[in-house]
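Notes follow the structure.
The values are calculated or read from the model by the stated rules, or taken from the named source; none is laboratory data. Note that the coordinates shown come from a computational prediction; the quantities given were computed from them, not determined experimentally. No Cβ is skipped: glycine too gets one built from the backbone with ideal geometry, and neighbour counts run over all protein chains shown.
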Amino acid sequence: MTTASSILPDSGQARLGLVVLIAGAITISFSGIFVKLSELGPSATAFYRLFFALPVFWLWLELEARGPLPPTRPATWRDYWHLAVAGLFLAGDLAFWHWALTLSSVANATLLGNAAPIFVTLAGWLFFGERFTRTFLAGLLLSIVGAVGLIGGSFSLSIENLVGDLFGVVTAVFYAGYIIAVKRLRAQFSTATIMIWSGAATCAALLVVALLSGESLIATSLYGWGVLIGLALLSQAGGQSMIAWALAHLPAAFSSVSLLINPVAAAIFAWIILGEAIGPLQATAGFVVLAGIALARRGSRAKPVPEATI
């Protein structure tokens with residue numbers, strides 16, 4: 001049988017959570033475009049993604065504190081550590097993805113970095129006792145196949161790309177850890193609390209990475225600063241916050257599969273904004289990803305007669 005933590009509740013909150021999750025995934029799909037448009041290097045750009053988002057999270061937390069139900073604040077060093085761990089997972093995700101983009105091809109880095117659902121599902125099974133229906137696993141596989149078709153046309157294996165490809169896999173592991181950490185934190189803390197404290201840890205870690213990389217931290221024009229602020233407000237304060245909110249209402253494994261709508265949206269926006277063409281294979285693969293998400297949703301619902309599970 002499926003365990004409670006892997007079952008998608010049939011409730012209004014769960015349905016709203018799915019809508020918000022997909023909106024968040026679509027919103028963060030702009031991040032690759034912002035990185036391409038940025039005047040700074042990838043590590044410095046990732047640092048400003050958090051740096052400019054932190055004031056938004058602080059204001060959000062202050063507004064929550066004045067409401068009728070103030071959020072639970074971290075009270076112990078253990079609380080702060082758990083929040084910091086989530087932030088360090090996100091820092092690892094962003095840093096290794098940017099290194100993968102540098103040391104391998106964009107196609108390789110993007111495809112391998114989107115393997116997070118595999119690691120979320122494995123972690124749920126191995127460490128948290130979750131069990132998944134065959135329908136869910138079929139949806140996961142179908143979504144991965146769609147992602148391969150969408151991105152993998154330019155995928156290539158070579159000795160020269162080996163380190164970058166390994167960093168792409170590490171990217172997926174770190175993002176899987178971030179999803180699991182935020183899912184568990186949402187049982188105790190509000191979205192704003194998680195975003196500001198984990199974001200502070202992410203920001204500090206990425207500053208170290210940017211300094212070690214030797215990248216400039218100063219944009220040369222107002223356009224350059226505008227790109228950084230847009231990345232922070234849209235992808236981090238907007239997209240990642242929506243994903244964190246949704247994780248309180250959805251299983252982590254199903255959420256990670258649903259986030260594969262990200263490369264589909266990224267391909268569409270790259271076509272509209274950057275003029276990168278979408279061929280018939282990519283269009284078909286995008287529909288395969290969506291079909292896989294729908295199948296995973298069906299396989300995550302509670303059923304009167306349990307399906308066979310692993």
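Report yes if His98 is closer than 20 Å to Asp165 by Cβ and touching a helix residue (DSSP H, G or I) at 6+ places or on another chain (Cβ under 7 Å), otherwise no.
So His98 passes the test.
Anything in segment 178-211 that is in contact with a Ser or Thr (Cβ under 8 Å, 6 or more places away or on another chain) and more than 22 Å from Gly238 (Cβ to Cβ)? List them, or say none.
Within segment 178-211, Gln188, Val209, Ala210 qualify.
Pairs needed: first member in segment 214-227, within 16 Å of Leu37 (Cβ to Cβ); second member anywhere, of a type in the set (Phe, Trp, Tyr); C-beta distance under 7 Å; at least 6 residues apart or different chains.
Ala219/Trp225; Val227/Phe34
Regarding segment 103-116, can at least one residue be identified that is more than 23 Å from Val145 (Cα to Cα) and either surrounded by 24 or more Cβ atoms within 10 Å (Cβ to Cβ) or more than 16 Å from the chain's Cα centre (by Cα) (or both)?
Yes - at least one qualifying residue is present in segment 103-116.
For segment 287-309, name all the residues that are at pLDDT below 85 and touching a helix residue (DSSP H, G or I) at 6+ places or on another chain (Cβ under 7 Å).
Answer for segment 287-309, where residues must be at pLDDT below 85 and touching a helix residue (DSSP H, G or I) at 6+ places or on another chain (Cβ under 7 Å): Gly299, Ser300, Glu307, Ala308.
Would you point out which residue out of Ala201, Ala192 is over 18 Å from Ala91 (Cβ atoms) and among the small types (Gly, Ala, Ser)?
Answer to the selection: Ala192.
Identify all residues within segment 261-284 that are over 17 Å from Ala23 (Cβ atoms) and within 20 Å of the chain's Cα centre (by Cα); write none if there are none.
Residues satisfying the conditions are Ala267, Ala270.
If we scan segment 195-209, do we find a residue that is at pLDDT 90 or above, surrounded by fewer than 15 Cβ atoms within 10 Å (Cβ to Cβ) and out of contact with any Gly (no Cβ under 9 Å at 6 or more places or on another chain)?
Yes.
I need the full set of residues from segment 10-34 which are within 11 Å of Met242 (Cα to Cα), surrounded by fewer than 18 Cβ atoms within 10 Å (Cβ to Cβ) and of a type in the set (Ser, Thr, Tyr), in order please.
none
Do we find that Ala253 is of a type outside the set (S, T, N, Q), closer than 21 Å to Gly87 by Cβ and either surrounded by 24 or more Cβ atoms within 10 Å (Cβ to Cβ) or without any contact (Cβ under 8 Å) to a residue 60 or more places away in the chain (or both) in this structure?
For Ala253, the condition - of a type outside the set (S, T, N, Q), closer than 21 Å to Gly87 by Cβ and either surrounded by 24 or more Cβ atoms within 10 Å (Cβ to Cβ) or without any contact (Cβ under 8 Å) to a residue 60 or more places away in the chain (or both) - is not met.
Could you list, in sequence order, the residues of segment 167-191 that are of a type outside the set (A, V, I, L, M, F, W, C) and farther than 18 Å from Thr110 by Cβ?
Gly177, Lys183, Arg184, Arg186, Gln188, Ser190, Thr191 - these are the residues of segment 167-191 that are of a type outside the set (A, V, I, L, M, F, W, C) and farther than 18 Å from Thr110 by Cβ.
Output the residue which, of all residues in segment 61-98 that are modelled with pLDDT of 90 or more and of a type in the set (Asp, Glu), is surrounded by the most Cβ atoms within 10 Å (Cβ to Cβ).
Asp93
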